[in-house]
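Colleague: Okay, here's the structure, questions in a sec.
A short reminder: the numbers here are calculations on the coordinates, not readings from a lab. What you see is a predicted model; the values in this text were computed from it and never measured. Using ideal geometry, Cβ is built from the backbone for each residue, glycine included, and neighbour counts are taken over all protein chains shown.
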Amino acid sequence: MSRQSILRASTTSGRIATPNVGSRSTGPSAAPTIGGFYGGLRDDTGKISEYSAKDDQCPICKTERYFNQKMRLLVSTCYHKMCDSCIERLYSLGPAPCPICGKTLRKMGFMTQTFEDLAVEKDVFIRRRIAKEFNKRRENFSSDKEYNDYLEDVEDITFNLINEVDVEKTEARIAAHREENAALIELNIQREERDVMAAQEEEERERQEKLERAKEIRREEELERAERAKESQRILEELARGKDAKQVVAQSREATAKREAKRLAERNAAIMATMASTNKRRGEALIPDPPHKPLADDWYDYGDKYVLRRDYDDAVSELVRGDMERLALAGGYRVEDAWNRAVRYAVAGLETTPLVGLPS
């Protein structure tokens, strides 16, 4: 896919998509060793915030990680790596040239490596920088064409910086744009910060709501277990008094069905209330979704309403019955079980209330 087609693929986001460099969290944890990847450090979200490998070697002092497990390789602004000891030795007294390319470097300019390929590291860093300078949105333009032309110019600037083409002219274009659109740039930065904060707050609210729903479900399950135990005890007491077993079981099933229906209605009402609150915060309309009501059938209530024959005119069953290899693969399968299920469902369907109000 060409660069132009990528840029013109979307005109609704209002910003250039920029890969997310791993956060430099204050509390990273060590990651497990996977193949040649030594692990490095991960932030609180699990993303890699500092890359390292088993075969790391400082190109300046030639120190290998094998001999110094605590060695850190940092990346300069010219995207050359060197260990923290060399950085301290070369740049602690002030700016100095890079031993590899000669570019003037400062100690504070070094950064952690997030990606294995330094070319990717450079690409991400430059795109993140450009995204902060050129952060106009679609609403800042009168037409899609103007917005796409703007994105094309931004990509040209990014391409020049990544590939070091006309760097001085490109930097001058960036400075001129920054001076001309300083107020709009700052406004869009504030908008983006508010959007990020709102998204984080919404995510935290949803997480808390999920926790509350989980607690409520656990409470309902505990209550249901207690009610079942109580109902079982009541059945035993009724049977001990000599009451009819079928009548006792029927009453128990009816009471259980009522409890389940009530509990389902309460749960659906709570879910709908939560969805309505969430959609209200987002400014979206809530489309009611009535709960599904399955057939309240009892599998064992239809066993005395039909008689299963010993044989049926069923070509598929005959194929299965004659294939011993398939029977061996399906342990415990019997053709009679399939017949029993089909006939039982057919009998159960006879008592289903027909649909009304539909055109004939």
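Colleague: Starting from region 180-276, pick out the trypsin sites (Lys or Arg not before Pro) whose DSSP state is loop and whose Cβ has at most 14 other Cβ atoms within 10 Å. Don't skip to the answer; put the middle values down first.
Modeller: Details: sites: Arg191, Arg194, Arg205, Arg207, Lys210, Arg213, Lys215, Arg218, Arg219, Arg225, Arg228, Lys230, Arg234, Arg241, Lys243, Lys246, Arg253, Lys258, Arg259, Lys262, Arg263, Arg267; in loops: Arg241, Lys243.
Loop-located and lightly packed - Arg241, Lys243.
Colleague: Within 10 Å of each candidate Cβ there may be at most 13 other Cβ atoms; applying that plus a DSSP loop requirement, which chymotrypsin sites (Phe, Trp or Tyr not before Pro) in region 51-93 survive? Don't skip to the end; give the middle numbers.
Modeller: Details: sites: Tyr51, Tyr66, Phe67, Tyr79, Tyr91; in loops: Tyr51, Tyr66, Phe67, Tyr79.
Passing sites in region 51-93 are Tyr66, Phe67.
Colleague: Next question, about the same structure. Using the crude model of +1 on Lys and Arg Cβ and -1 on Asp and Glu Cβ, and no other charge, please compute the dipole size for region 66-137 relative to its Cα centre, in debye to 20. Don't jump to the answer; show the numbers that get you there.
Modeller: Details: 14 positive and 7 negative charges, 76 e Å.
Rounded to the nearest 20 debye, it is 360 debye.
Colleague: Calculate, in nm to one decimal, what Arg207 and Glu192 gain on full extension: separation in residues at 0.36 nm each, minus their alpha carbon distance. All intermediate terms of the calculation are to be shown ahead of the outcome.
Modeller: Values: separation 15, 0.36 × 15 = 5.40 nm, distance 2.24 nm.
Taking 0.36 nm per residue and subtracting the Cα distance, the gain is 3.2 nm.
Colleague: Calculate, in nm to one decimal, what Leu236 and Glu152 gain on full extension: separation in residues at 0.36 nm each, minus their alpha carbon distance.
Modeller: Working: separation 84, 0.36 × 84 = 30.24 nm, distance 7.94 nm.
Computed gain between Leu236 and Glu152 is 22.3 nm.
Colleague: With label points built 7 Å along Cα→Cβ from the Cα atoms of Val165 and Asp55, find their separation and express it in nm.
Modeller: If labels sit at Val165 and Asp55, their model points lie 3.2 nm apart.
Colleague: Modelled label-to-label distance, Asp323 and Asn340, 7 Å Cα→beta-carbon offset: nm?
Modeller: Between Asp323 and Asn340, the simple spin-label model gives 2.3 nm.
Colleague: With N set to the number of residues, divide the alpha-carbon radius of gyration of region 183-292 by 2.2 N^0.38 Å and report two decimals.
Modeller: Values: Rg = 23.8 Å, N = 110, 2.2 N^0.38 = 13.1 Å.
This ratio for region 183-292 stands at 1.81.
Colleague: Follow-up. Can you tell me the FRET efficiency between Ile100 and Arg267 if r is taken as the Cβ-Cβ distance and R0 is 56 Å, rounded to the nearest 0.05? Mind dumping the intermediate values first?
Modeller: Details: r = 65 Å, r/R0 = 1.15.
So the FRET efficiency works out to roughly 0.30.
Colleague: For Leu239, Leu93, what ranking results if the residue with the fewest other Cβ atoms within 10 Å of its Cβ goes first?
Modeller: On the way: Leu239 13, Leu93 8.
Going from least to most buried by this count: Leu93, Leu239.
Colleague: Something else about it: Beyond 19 Å between alpha-carbons counts as too far, so tell me which of Lys81/Lys132; Lys81/Lys103; Lys81/Lys107; Lys54/Lys81; Lys81/Lys169 fall in that bin. Before the final figure, lay out the partial values.
Modeller: On the way: Lys81/Lys132 26 Å; Lys81/Lys103 13 Å; Lys81/Lys107 13 Å; Lys54/Lys81 15 Å; Lys81/Lys169 27 Å.
Over 19 Å Cα-Cα: Lys81/Lys132; Lys81/Lys169.
Colleague: I need the fraction of alpha carbon pairs in region 90-229 separated by more than 22 Å, rounded to a whole percent. Intermediate values should be presented prior to the final figure.
Modeller: Working: 6206 of 9730 pairs.
The proportion of pairs with Cα distances above 22 Å equals 64 percent.
Colleague: Fewest to most neighbouring Cβ within 10 Å: what's the order for Glu231, Glu64? Numbers along the way, then the final one.
Modeller: Values: Glu231 16, Glu64 13.
Final ranking by Cβ density, sparse to dense: Glu64, Glu231.
Colleague: Expressed in nm to one decimal, what extension gain is obtained for the pair Arg309 and Lys70 from 0.36 nm per residue of sequence separation less their Cα-Cα distance?
Modeller: Values: separation 239, 0.36 × 239 = 86.04 nm, distance 7.81 nm.
Answer, rounded to one decimal: 78.2 nm.
Colleague: Let me spell out the model: positive unit charges on the Cβ of Lys and Arg, negative unit charges on the Cβ of Asp and Glu, origin at the Cα centre of region 172-221. What dipole size does that give, in debye rounded to 20? All intermediate terms of the calculation are to be shown ahead of the outcome.
Modeller: Values: 11 positive and 16 negative charges, 22 e Å.
My answer is approximately 100 debye.
Colleague: OK, next. Dividing the convex hull volume of the alpha carbon atoms of region 47-169 by its residue count, what do you get in Å³ per residue?
Modeller: Details: hull volume 16.5 nm³, N = 123.
Per residue, the Cα convex hull of region 47-169 comes to 134 Å³.
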